[in-house]
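See structure below.
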Amino acid sequence: EAGVAQSPRYKIIEKRQSVAFWCNPISGHATLYWYQQILGQGPKLLIQFQNNGVVDDSQLPKDRFSAERLKGVDSTLKIQPAKLEDSAVYLCASSATGYEQYFGPGTRLTVT
Amino acid sequence: QKEVEQDPGPLSVPEGAIVSLNCTYSNSAFQYFMWYRQYSRKGPELLMYTYSSGNKEDGRFTAQVDKSSKYISLFIRDSQPSDSATYLCAIRHGTSYGKLTFGQGTILTVHP
């Protein structure tokens with residue numbers, strides 16, 4: 001079974017630029033999550049989708065971050081404009097049950 | 001007060017040692033308890049998952065939950081250099097779409 005796929009793996013941008021990350025979950029997993037992991041910290045949930053509907057986006061900085069999951073399969077997370085403090089690893093995870101979550105390798109973002 | 005507190009370490013042990021990793025949590029609504037392992041530049045990988053007080057064993061790994069004290073532990077027996085990674089505790093609310101709240105992670109190094 002293929003795991004969660006993410007791209008790109010690495011991205012370097014200047015502050016105030018925009019960036020987008022892509023995630024393809026495990027086939028059949030209805031729930032998709034985006035996490036932000038700052039160096040030395042545990043992942044923090046940004047947004048959770050159930051199929052193509054948003055379940056929880058309480059910690060998503062909505063003035064600059066947006067996410068969508070069209071057709072209930074893959075998803076994109078966008079940052080516009082980026083700030084220095086957005087430098088982090090952005091992890092996508094999926095789940096069939098809403099309990100066990102399976103993570104992708106992450107996208108490492110550096111904002112200069 | 002953070003919802004989940006984890007001793008950040010780092011922890012350095014010789015091969016064959018017993019390792020104890022610990023987390024405390026503050027919210028009694030948390031009902032599901034997980035341990036993830038994260039190798040450098042990889043996404044977290046689910047190790048153990050439990051929802052009841054007591055012990056759950058899987059090979060060299062034992063997860064322990066004490067709901068009365070709001071304390072969870074992961075024990076690694078006969079530790080190996082391949083166990084060197086960051087270990088993250090993650091706790092979930094009991095609601096249908098309850099999000100995971102992660103500890104900050106403990107960095108473990110097992111020396112040959």
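Some points to look at:
- If the condition is being among the hydroxyl-bearing types (Ser, Thr, Tyr), more than 23 Å from A:ILE13 (Cα to Cα) and open to solvent by less than 20 Å² (accessible area, probe 1.4 Å), then the stretch A:80-112 contributes A:SER94, A:SER95.
- Selection status of A:GLY98, closer than 27 Å to B:CYS89 by Cα, touching a residue at least 60 places away in the same chain (Cβ under 8 Å) and more than 14 Å from every other protein chain (Cβ to nearest Cβ): no
- Residue in the stretch A:40-50 that is open to solvent by 20 Å² or more (accessible area, probe 1.4 Å) and in a strand (DSSP E or B) present: yes
- When each of A:ALA82, A:ALA93 is tested for being within 21 Å of A:SER7 (Cβ to Cβ), in contact with a Leu (Cβ under 9 Å, 6 or more places away or on another chain) and part of a loop (DSSP other than H, G, I, E, B), the lone residue that passes is A:ALA82.
Okay, residues lined up against (1) within 25 Å of B:THR86 (Cβ to Cβ); (2) within 11 Å of chain B (Cβ to nearest Cβ):
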position	(1), (2)
A:ILE47	yes, yes
A:PRO81	no, no
A:ASP86	yes, no
A:CYS92	yes, yes
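- So A:LYS15, is it surrounded by 13 or more Cβ atoms within 10 Å (Cβ to Cβ) and outside any strand (DSSP E or B): yes
- Residues in the stretch B:44-61 that are within 22 Å of B:GLU3 (Cβ to Cβ) and in a loop (DSSP other than H, G, I, E, B): B:PRO44, B:TYR51, B:SER52, B:SER53.
- Scanning the stretch A:60-72 for residues that are farther than 19 Å from A:ARG16 by Cβ and open to solvent by 70 Å² or more (accessible area, probe 1.4 Å) yields a count of 3.
- Where A:LEU77 falls short, out of the listed (1) within 11 Å of chain B (Cβ to nearest Cβ); (2) assigned to a strand (DSSP E or B); (3) surrounded by 15 or more Cβ atoms within 10 Å (Cβ to Cβ): (1)
- If you go through the stretch B:30-65 and keep only what is farther than 28 Å from A:VAL4 by Cβ and open to solvent by 60 Å² or more (accessible area, probe 1.4 Å), you end up with B:SER53, B:ASN55, B:GLN64.
- Test: residue in the stretch B:9-29 that is over 10 Å from the mean Cα position of the chain (by Cα), under 21 Å from A:THR31 (Cβ atoms), away from chain A (no Cβ under 11 Å) and surrounded by fewer than 20 Cβ atoms within 10 Å (Cβ to Cβ): yes
- Whenever a residue of the stretch B:41-63 is on the phi < 0 side of the Ramachandran plot and away from chain A (no Cβ under 11 Å), its partners that are open to solvent by 30 Å² or more (accessible area, probe 1.4 Å) and outside any strand (DSSP E or B), lying with C-beta atoms within less than 7 angstrom and at least six residues away or across chains, give the pairs B:SER53/B:LYS67; B:ARG60/B:ARG77; B:ARG60/B:ASP78.
The values are calculated or read from the model by the stated rules, or taken from the named source; none is laboratory data. Keep in mind that this is a model prediction, so the values were computed, not measured. Reconstructed Cβ throughout: ideal geometry from the backbone, glycine too, with neighbour counts over all protein chains shown. With ligands, DNA and RNA removed, areas are computed over all heavy atoms of the protein, side chains included. Shrake-Rupley method; radii C 1.70, N 1.55, O 1.52, S 1.80 Å.
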